[in-house]
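Step one of this worksheet: look at the structure below.
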Amino acid sequence: SLDRYAYGLPEVSENRAAVAATRLIANPGCYATAAQLALWPLVKSGLLTSDCSPPSLFGVSGYSGAGSTPSPKTDAVYLRDSVLPYALTNHIHEREVSQQMGVDVNFMPHVAPFFRGIQMTANVHVSRAVSKEEVEAIFKECYHDEPLVRFSSAPPRAVELAGANGAAVGGVTIGGGGGSGSTAI
């Protein structure tokens, strides 16, 4: 049964101890990893709770992540100069991220004409008014000891990590007139 497996995203929650204590590990997909890295500091700090509106996650993957079966999603010529949406409701990673983060999320996956990488934007309605500096400090504190996650004040670009292990999160923007409105990561 699945409860015998540790969830293999050690940067999130208590997963590191569970991964270290088992030989059975269920690894998250790339979209699920990107989404959770964007949401976890907000969940951990209490800024994102199940009482908040579900975050909207807009993900763009390179076509190598769209599967191995030939289709428009894996055809670089078809994708040229375009972004193709797919599985816009009830995507498996939408359910996975919701379960792991303890909050419902809305996920909209897309594929683009670059080969490898994920670009994820999270639009999150937080539980109280926050400043950009406060949110950035929460992210920096959460990931300061994580060698595979770096925080950037500027929005990260997929090309910056091409061919490397790791993830970049950042580009915090505060909207909604400074209230408990939207925070984009």
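What residue, of D104, D75, is at pLDDT 95 or above and either more than 24 Å from A168 (Cβ to Cβ) or in contact with a His (Cβ under 6 Å, 6 or more places away or on another chain) (or both)? The unique qualifying residue is D104. Residues in segment 109-134 that are β-branched (V, I, T) and open to solvent by less than 50 Å² (accessible area, probe 1.4 Å) were compared, and the one that is farthest from P54 (Cα to Cα) is V111.
A quick yes/no check of all residues on (1) farther than 27 Å from E136 by Cβ; (2) open to solvent by 90 Å² or more (accessible area, probe 1.4 Å):
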position	(1), (2)
A18	yes, no
T22	yes, no
P28	no, no
C52	no, no
R80	yes, yes
N90	yes, yes
H93	no, no
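Only residues that are β-branched (V, I, T) and not in a loop (DSSP other than H, G, I, E, B) were counted across segment 37-60, and they come to 2. With respect to the stated conditions, F58 fails to be farther than 21 Å from G166 by Cα and in contact (Cβ under 8 Å) with a residue 40 or more places away in the chain. Restricting the first member to segment 3-18 and to residues that are touching a residue at least 40 places away in the same chain (Cβ under 8 Å) and at negative phi, and the second to residues that are open to solvent by less than 60 Å² (accessible area, probe 1.4 Å) and of a type in the set (D, E), the beta-carbon pairs closer than 6 Å and six or more apart or on different chains are E11/E146.
For segment 151-160, the count of residues that are touching an Asp or Glu at 6+ places or on another chain (Cβ under 9 Å) and either acidic (D, E) or surrounded by fewer than 18 Cβ atoms within 10 Å (Cβ to Cβ) (or both) is nonzero. With respect to A137, determine if the residue is open to solvent by less than 20 Å² (accessible area, probe 1.4 Å) and of a type outside the set (V, I, T). No; evaluated as a whole, the condition is false for this residue. Can you spot a residue in segment 82-92 that is touching a helix residue (DSSP H, G or I) at 6+ places or on another chain (Cβ under 7 Å) and farther than 24 Å from P41 by Cα? The answer is yes, given that some residue of segment 82-92 is touching a helix residue (DSSP H, G or I) at 6+ places or on another chain (Cβ under 7 Å) and farther than 24 Å from P41 by Cα. With respect to (1) assigned to a loop (DSSP other than H, G, I, E, B); (2) open to solvent by 40 Å² or more (accessible area, probe 1.4 Å); (3) within 28 Å of R16 (Cβ to Cβ); (4) touching a residue at least 40 places away in the same chain (Cβ under 8 Å), the lone exception for P147 is condition (4).
Of the residues that make up segment 171-179, is at least one within 15 Å of the chain's Cα centre (by Cα), of a type outside the set (K, R) and not in a strand (DSSP E or B)? Among the residues of segment 171-179, at least one is within 15 Å of the chain's Cα centre (by Cα), of a type outside the set (K, R) and not in a strand (DSSP E or B), which makes the answer yes. Within segment 54-72, take every residue that is at pLDDT below 85 and closer than 24 Å to A26 by Cα and give me the one that is least open to solvent (accessible area, probe 1.4 Å). Across segment 54-72, the extreme among qualifying residues is A66. The requirement of being in contact (Cβ under 8 Å) with a residue 60 or more places away in the chain, in contact with a Gly (Cβ under 7 Å, 6 or more places away or on another chain) and at negative phi is fulfilled somewhere in segment 94-112, by at least one residue.
The values are calculated or read from the model by the stated rules, or taken from the named source; none is laboratory data. The structure displayed is predicted, hence computed values, not measured ones. Counting neighbours? That spans all protein chains shown, and the Cβs are built from the backbone with ideal geometry, glycine included. Only protein heavy atoms, including side chains, enter the accessible area calculation; ligands, DNA and RNA are left aside. Shrake-Rupley method; radii C 1.70, N 1.55, O 1.52, S 1.80 Å.
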